[in-house]
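Novice: Sharing a structure, written as structure tokens. Questions coming.
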Amino acid sequence: RRPVLFGDVRQTLLERFEQVAYLFPGQTTVRFDRPLTIFNIHTLDEKWYPLMIYVVQTCLQRHRALRRDERYLAYVVEEASYMLKHPAGKRYLESGSRGFRKLGIAQFTLSQHPADFLEDGQVIIGNAGTCFFLGMQRHTAQKLHLAEELERVLEEGVSGRAIMRCGREY
């Protein structure tokens, strides 16, 4: 077999993604010439989550293999509650929270559904080096077992105020 050049690999990957693009309606982009890649699963049928997770994982690992000596790669999961609902998505986020740092990948996991996330995302929160908690309802804030003063900060939900946990300290 002849050696595969990066351009050939890029073309092959693009062709493969084009073949399955119909599975991912909405704005899904894969770019090799930009520092930002967006995978949008918001409207994706849940039966395709394992495939999409594989695609994302492969892209992350390939990026780190090609640029292992460069700065950390920031991997942002916005509205993680969608992925946490699916067993494959939950396993992937949990394993990432345990091991991405070792690979030079900084996982940022965001959710606007704190009640759900505090239940389903306990492993992710437990493995996070730093967490920011913004406004929450009282019953949700109580799940964090904070001092009363810190619970009040979350309940008030004042713009620009948050609780930060760094390590195990608030």
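Novice: Sort TYR54, TYR75 by heavy-atom solvent-accessible area, probe 1.4 angstrom, most to least.
Specialist: Numbers: TYR54 140, TYR75 30 Å².
Largest accessible area first, the list is TYR54, TYR75.
Novice: Send over the semi-axes of region 110-156's equivalent ellipsoid, whole angstrom and largest first, taken as the square roots of 5 times the C-alpha gyration tensor eigenvalues. List each step's numbers first, then the result.
Specialist: Numbers: eigenvalues 59, 26, 18 Å².
Its equivalent ellipsoid spans semi-axes of 17, 11, 10 Å.
Novice: If you roll a 1.4 angstrom probe over the protein chains with everything in place, what fraction of the accessible area of region 75-135 belongs to carbon and sulfur, to the nearest %? Provide the component values of the computation, followed by the final result.
Specialist: Numbers: 1750 of 3220 Å².
Ligands and nucleic acids excluded, carbon and sulfur reach 54 percent.
Novice: Taking amide H positions as placed 1.01 Å from N in the peptide plane, with prolines and chain starts having none, which residues 5 or more places from ALA106, or on another chain, fall under 5 Å of its amide H?
Specialist: For ALA106, whose amide H was placed from the backbone, the distant partners under 5 Å are LEU73, ALA74, TYR75.
Novice: Still on this model: Step through the residues of region 77-85 one at a time and calculate ³J(HN,Hα) from phi using the Karplus curve (6.51 cos²θ - 1.76 cosθ + 1.60, θ = phi - 60°), rounding each to whole Hz and writing x for Gly and Pro.
Specialist: 10, 8, 6, 4, 4, 5, 6, 5, 6
Novice: Within region 132-170, report the GluC sites (Glu not before Pro) that DSSP leaves as loop and that have at most 12 other Cβ atoms within 10 Å. Mind showing how you got there, number by number?
Specialist: Values: sites: GLU148, GLU149, GLU151, GLU155, GLU156, GLU169; in loops: none.
The qualifying sites: there are none.
Novice: Okay, next question. Quick check: convex hull over the Cα atoms of region 44-98, volume per residue in Å³, rounded to an integer? Please list the in-between numbers first.
Specialist: Numbers: hull volume 4.4 nm³, N = 55.
Hull volume normalised by residue count: 79 Å³.
The values are calculated or read from the model by the stated rules, or taken from the named source; none is laboratory data. This structure is a prediction, so every number in the text was calculated from the model and none was measured. Because the Cβ atoms are built from the backbone with ideal geometry, glycine has one as well, and the counts that use them run over all protein chains shown. Remember, those area values only see protein heavy atoms, side chains included, never the ligands or the DNA or RNA. Shrake-Rupley method; radii C 1.70, N 1.55, O 1.52, S 1.80 Å.
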